[in-house]
1. For an R0 of 35 angstrom, estimate the FRET efficiency from the Cβ-Cβ distance between ASP24 and LYS237 and round to the nearest 0.05.
2. Residues of region 260-274 with backbone nitrogen within less than 17 Å of a virtual label 7 Å along the Cα-to-Cβ line of LYS36, please, listed as ranges.
3. Could you let me know the centre-to-centre spacing of region 1-58 and region 208-257, using Cα atoms, in angstrom?
4. Can you tell me the convex hull volume per residue for region 72-207, based on C-alpha atoms, in Å³ to the nearest whole number?
5. Using the C-alpha gyration tensor of region 200-320, what are the square roots of 5 times its eigenvalues, in whole angstrom, with the largest one first?
6. Please enumerate, by chain and number, the lysines with C-alpha under 26 Å from the C-alpha of LYS244, excluding those fewer than 8 residues away in the same chain.
7. Starting from region 240-336, pick out the GluC sites (Glu not before Pro) whose DSSP state is loop and whose Cβ has at most 13 other Cβ atoms within 10 Å.
8. Could you estimate the translational diffusion coefficient of region 1-64 from the Stokes-Einstein equation, with Rh from the Kirkwood formula over C-alpha pairs, at 25 °C and 0.890 mPa s, in whole µm²/s?
Amino acid sequence: MNIALFDAKEYDISSFEKYSKERDINIKYFDVKLTKDTVSLAKGFDGVCVFVNDSLDEEVMNKLYEYGIKAIFLRCAGFNNVDLHAAFKKLHIYRVPSYSPHAVAEHAFALLQTSNRRIHKAYNRVRDYNFSLVNLTGMDLYGKTVGVVGTGKIGRCFIDIAKGYGMNVISYDKFPSEIDGVKNVDLNILFKESDIISLHCPLTNENMHMINSESISKMKKGVIIINTSRGALIDSKALLDGIKSRHIGAACLDVYEEESDIFYTDKSNHILNDNNLLQLIAMPNVLITSHQAFLTNEALSNIADTTTQNIIDFYNGKISENELCYHCANIENCKKKRNMKCF
Ligand code: NAI
């Protein structure tokens with residue numbers, strides 16, 4: 001298999017080199033993202049490997065199909081950037097459903113405690129020989145209520161850490177399941193009762209902007225919002241308004257709804273055109289990282305391992321749980337459910 005890997009960073013290349021050599025897969029690395037303007041680079045390859053901010057809309061899919069590409073290998077779990085209907089019967093799509101839920105949950109807590117205990121401020125002060133503690137007061141997490149939205153793999157790791165802190169955990173999931181010591185509640189109750197809210201659900205058409213001005217108005221004054229899932233779960237303008245009105249105590253964001261042209265690149269010599277992001281960055285109680293929650297050695301290694309295995313499985317015509325459901329609407333005769341190839 002000859003694979004074109006888009007949006008390649010140094011850390012991707014080193015982890016993929018190891019597994020691709022072992023499994024005899026040819027990978028060509030492109031540092032650009034896959035978009036309608038760069039899709040022609042995929043000509044002559046058998047498959048493409050992409051990440052969270054590559055564009056996989058209908059136009060790009062049709063071009064890939066025209067060039068004879070047979071499969072797309074996502075090296076991530078989320079697939080909100082993929083037009084699955086456009087892919088059906090044309091391009092097989094694989095993902096890495098889990099690579100390190102711990103990495104993401106631990107990063108969510110790192111953001112929370114950095115923001116809560118003002119570690120980022122303290123670090124800069126001490127480097128400047130300023131040993132004052134004024135305005136660095138945080139709160140004990142012990143005994144506080146944290147509301148977890150989405151109790152899948154990452155949500156559960158987050159819950160385990162929260163329990164370790166002695167926090168009271170409540171949760172909302174569209175498909176709830178019993179978790180020891182955690183009360184499943186309605187989303188509105190979660191908004192009302194939580195001191196801290198952490199998002200761990202996928203982004204879908206249905207929950208886009210689930211954090212908006214109306215939901216923020218239901219939250220406790222001083223609430224801390226953590227988002228390590230997908231940016232568009234939060235209406236960033238409403239978040240900014242909530243910060244400005246002092247209703248939101250702090251926001252810890254690893255993702256941002258307009259991140260695709262900004263995150264993962266060095267923009268330090270550029271004037272950013274995104275006013276919401278500029279203002280959020282300027283706020284003393286907003287902490288932003290550039291979609292890095294996944295970035296641990298363990299996760300990178302697991303991503304490269306599973307992605308190259310997905311490539312091999314596809315090449316050998318093997319049925320794989322990691323191939324996505326195309327929502328073809330053939331509910332009664334769903335081939336995926338019958339452990340068959342969708343097409
Ligand atoms: P998962 O599939 O194990 O769990 C997701 C949970 O969300 C499931 O329990 C599901 O029932 C629930 N859910 C689905 N729709 C919902 C809705 N509308 N409202 C509430 N709950 C809903 O997924 P996992 O591995 O825990 O990942 C969660 C999300 O984390 C991913 O979808 C992805 O967007 C994000 N992620 C972010 C990373 C980062 O580096 N920042 C890295 C990996 C994932």
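What follows draws every value from the coordinates through simple rules; no lab data is involved. Because the structure is predicted, anything quoted here is derived from the model rather than measured. So basically every Cβ, Gly included, is an ideal-geometry build from the backbone, and we count neighbours across all protein chains shown.
1. 0.10
2. 261
3. A separation of 34 Å, based on Cα centres.
4. Once divided by residue count, the hull of region 72-207 is 151 Å³.
5. 33, 18, 13
6. Straight-line reach from LYS244, under 26 Å: LYS121, LYS144, LYS192, LYS218, LYS220, LYS221, LYS267.
7. GLU321, GLU332
8. 204
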